[in-house]
Amino acid sequence: RAKHEGRNRFCFFSDDLEKQLLQRHKIELMLREALSREQLEVFYQPKIDLNTGKLCGAEALVRLRNHDGGLVSPIDFIPLAEETGLVVELGAQVLRQACREHKQWREHGITIPISVNIAAAQFAEEEIVESILRILKNMAISPEYLELEVTESALMQDFTKTEQILGALANAGVSIAIDDFGTGYSSLAYLKKFNVDVLKIDQSFVRDMLSNGSDLDIVKTIISLARNMNLKLVAEGIETQEQESILKQLGCGIGQGYWYSKPLPADSFLKFALSTATFA
Ligand code: C2E
Ligand code: MG
Ligand code: MG
Ligand code: MG
């Protein structure tokens, strides 16, 4: 009987693993198909100036639509895209689409910068700088409008190379934000050495800062660090007015989160932007 149970248990795990592999394979096929047809969708989440309440930026967030019309979360396909190298083409397509959208905004008088996430694997790519600048040129968008969001771990891969890449991008006028700041292996030296412009306080600290003193301490520390180093600050994951007012009080300049808006499809974002531009 015990033996029987053991076998069942074994089967259960093996089924589970098989399901996972199948799911992974399905997502990979979907992603390849979306890339080959250029059918990835890009949503935009507003960034708000905490002092004026006005829209001051937008983050482009990729979405993959499955065959039932539902959306697959980037959490479920970005890691896979990194492992398979597909993230290089994904990044290029997202950037092109974001530039296209930015042109629409400009035609409506909305001249905010656009932030695009860059994966670690893209940093390892040989011609990353050239390819980003080429896209900007082809899409007729000035580099000053582009901010790239990079995680700490992406920057820590290869110090010399990262320094070159960020230097070249900065020279061209592109801004660099450190995404999920505080969750990786932060080194104060690299903030100085690399041309970083913005720190994005990770949403886990924002979520817990009102209930957990050490998270609040981390938020305070990041804010004073940014001040001392003359970096802009964005707080991610603001969901309540209380979180907003604490962050504002502590001197954080920019906020992003469901409190203002979830990431929106391009047409809804434009409506949002036009309404805040008029009524803020
Ligand atoms: P991220 O760059 O840190 O983006 C912020 C994530 O937090 C987004 O999830 C956004 O929808 C979510 N978020 C925003 N406000 C709130 C809030 O108030 N509460 C909560 N709970 N969540 C909030 P999303 O869109 O699912 O993206 C997840 C991650 O996938 C991103 O984290 C980024 O690392 C990656 N990603 C998304 N788009 C791209 C892309 O085009 N390229 C690359 N390489 N990575 C991407
Ligand atoms: Mg980001
Ligand atoms: Mg983040
Ligand atoms: Mg993240």
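A simple rule links phi to the HN-Hα coupling: the Karplus curve 6.51 cos²θ - 1.76 cosθ + 1.60 with θ = phi - 60°, which for the stretch 136-147 gives 4, 5, 4, 8, 6, 10, 6, x, 5, 7, 9, 10 Hz, with x for Gly and Pro. Taking 7 Å steps out from each Cα toward its Cβ at residue 15 and residue 274 produces label points 5.3 nm apart.
Put a plus charge on the Cβ of each Lys and Arg, a minus charge on the Cβ of each Asp and Glu, and nothing anywhere else: the dipole of the stretch 142-203 about its Cα centre is then about 240 debye.
For residue 262, a cut-off of 14 angstrom between C-alpha atoms picks up these aspartates and glutamates, skipping any fewer than 8 places away in its own chain: 59, 236, 239.
Relative contact order, whole percent, for the chain stands at 19, derived from Cα pairs under 8 Å and 6 or more residues apart.
I'd like the carbon and sulfur percentage of the solvent accessible area for the stretch 97-216, probe radius 1.4 Å, heavy atoms only, ligands and nucleic acids excluded.
47
Give 26/200; 193/220; 26/232; 54/220; 54/103 a once-over and call out the pairs whose C-alpha atoms are over 30 Å from each other. Among 26/200; 193/220; 26/232; 54/220; 54/103, the Cα-Cα distance tops 30 Å for 26/200; 26/232.
Taking the Cα of residue 229, stepping 7 Å toward and past its beta carbon, and measuring to each backbone N in the stretch 151-169: which are under 15 Å? Residues 151-157, 163, 166-167 fall inside that zone. Computed from backbone phi with θ = phi - 60° and the Karplus coefficients 6.51, -1.76 and 1.60, the 3J(HN,Hα) list for the stretch 36-42 is 5, 9, 6, 10, 5, 9, 10 Hz; x is used for glycine and proline. Taking a Cβ cut-off of under 14 Å around residue 256, the surrounding Lys, Arg, Asp and Glu residues balance to a net charge of -3, with basic ones at +1 and acidic ones at -1. If R0 is taken as 30 Å, the Cβ-Cβ distance between residue 138 and residue 76 corresponds to a FRET efficiency of 0.50. Can you tell me the 0 to 90 degree angle between the C-alpha axis of helix 74-84 and the longest principal axis of the chain, rounded to 10? Result, in degrees: 80. Taking every alpha-carbon pair under 8 Å whose residues sit at least 6 apart, the stretch 49-125 reaches a relative contact order of 42 percent. Fully extending the segment from residue 245 to residue 96, taken as 0.36 nm per residue of separation minus the present Cα-Cα distance, adds 50.1 nm.
When shorter helices are ignored and each DSSP H run of at least 4 residues is given -39500 (n - 2.57), the per-residue value for the chain at 222 nm works out to -17000 deg cm²/dmol.
The equivalent ellipsoid of the chain has semi-axes of 32, 25, 22 Å, largest first, where each one is the square root of 5 times an eigenvalue of the Cα gyration tensor. With a simple spin-label model that places each label point 7 Å from the Cα along the Cα-to-Cβ direction, the separation between residue 172 and residue 220 comes to 4.1 nm. In the chain, a dipole from Cβ-located charges (positive for Lys and Arg, negative for Asp and Glu) runs towards its positive end, and of 175, 187, 36 it is 36 whose Cα lies farthest in that direction.
Computed on the stretch 164-280, with alpha-carbon pairs under 8 angstrom and 6+ residues apart, the relative contact order is 19 percent. In this structure the chain gives 53 Å² per residue of accessible area when probed at 1.4 Å with all protein chains present.
The values are calculated or read from the model by the stated rules, or taken from the named source; none is laboratory data. Keep in mind that this is a model prediction, so the values were computed, not measured. Using ideal geometry, Cβ is built from the backbone for each residue, glycine included, and neighbour counts are taken over all protein chains shown. Accessible surface areas use protein heavy atoms only, side chains included; no ligands, DNA or RNA. Shrake-Rupley method; radii C 1.70, N 1.55, O 1.52, S 1.80 Å.
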